[in-house]
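Here is the structure we will look at, set down as structure tokens.
The values are calculated or read from the model by the stated rules, or taken from the named source; none is laboratory data. What you see is a predicted model, and the numbers here were worked out from it, not measured in a lab. Because the Cβ atoms are built from the backbone with ideal geometry, glycine has one as well, and the counts that use them run over all protein chains shown. For the accessible areas, the whole protein counts, side chains as well, though only heavy atoms, and no ligand, DNA or RNA atoms are used. Shrake-Rupley method; radii C 1.70, N 1.55, O 1.52, S 1.80 Å.
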Amino acid sequence: MTDVGLTPTQQPPLSPQASLAIATDPVSALWDQLFAHQSIRDQFIRAVRRFADGRTVPECYDALEEQNVPYWFRSRILEVARGNRRDAWRLAADLVPKLGQGHASLEDLFATAQFFADHVPDDQPPTLAVTIDRAFETAPRRKRETICRLLAVLATGFDVRVIATGRTQHWLAQHHREDLPGVSEWRETHHPSRDRVDDALEALDPDGRKVELLRQLADEPAQTLVSTRVAGDARRRSQPDLATARLRNELAHRTWTGR
């Protein structure tokens with residue numbers, strides 16, 4: 001059984017309900033991305049029915065008002081709770097995903113997200129795989145804060161796996177510890193050496209000589225290589241280039257002399 005909350009990882013979870021990617025888009029785009037998944041739309045409809053179960057109509061309206069759910073959703077939510085399939089489709093596939101756009105405010109989006117998280121069945125919280133790209137670090141702070149706020153709200157009802165490099169996880173812990181619950185604890189498992197590994201993976205050619213030397217070092221019990229072996233490997237790698245150069249020189253000479 002999975003637990004609700006935010007969990008840092010560098011590996012995608014198996015069979016998540018939805019996979020999301022965060023870079024520099026606004027929070028409304030992330031919300032729309034979430035509801036592009038049919039499994040999430042189905043979860044939302046089930047959450048609506050779970051909310052209404054055991055409540056009278058006046059009690060439903062009062063509860064929706066207390067939770068600041070947008071007023072134009074409230075009657076539709078009750079229709080969905082009664083089993084109206086047309087309203088269910090329109091609410092989950094059309095109206096809810098467009099929150100934060102047009103006349104709907106970001107507060108409407110966050111209130112609806114909290115309503116969703118509060119009423120997701122808690123026996124098996126859905127898993128969300130959220131990949132955070134390094135480009136997120138360059139987005140305006142206000143934009144980053146709204147995205148973190150949405151993740152924090154969803155994490156009260158979902159198992160949110162934050163997929164990022166160790167470097168990005170450490171950066172989140174430094175810059176958004178007040179926006180993401182528990183993120184400050186991520187620094188305790190962070191090792192600065194992982195930053196160097198992340199940078200190396202981005203900078204080095206995986207088929208290049210430097211990476212090949214690192215592989216050879218990893219295979220040596222003493223983690224060292226004899227200099228003559230390194231030089232020999234370098235000569236072998238350079239042989240095709242030397243042969244090509246000699247061939248070019250020979251062709252140039254024959255063209256010049258006419259032989």
Of all the accessible heavy-atom surface of the range 117-179, with the other protein chains kept in place and a 1.4 Å probe, what percent is carbon and sulfur?
43
Net charge of Cβ neighbours under 14 Å - reference Val120; Lys, Arg +1; Asp, Glu -1
-3
For the range 99-145, what D do you get in µm² per second when you plug the Kirkwood radius from alpha-carbon pairs into Stokes-Einstein at 10 °C and 1.306 mPa s?
120
Mean projected area in nm² (Cα convex hull; one quarter of hull surface) for the range 35-127
5.8
Please grab the % of Cα pairs in the range 17-173 that end up more than 21 Å from each other.
44
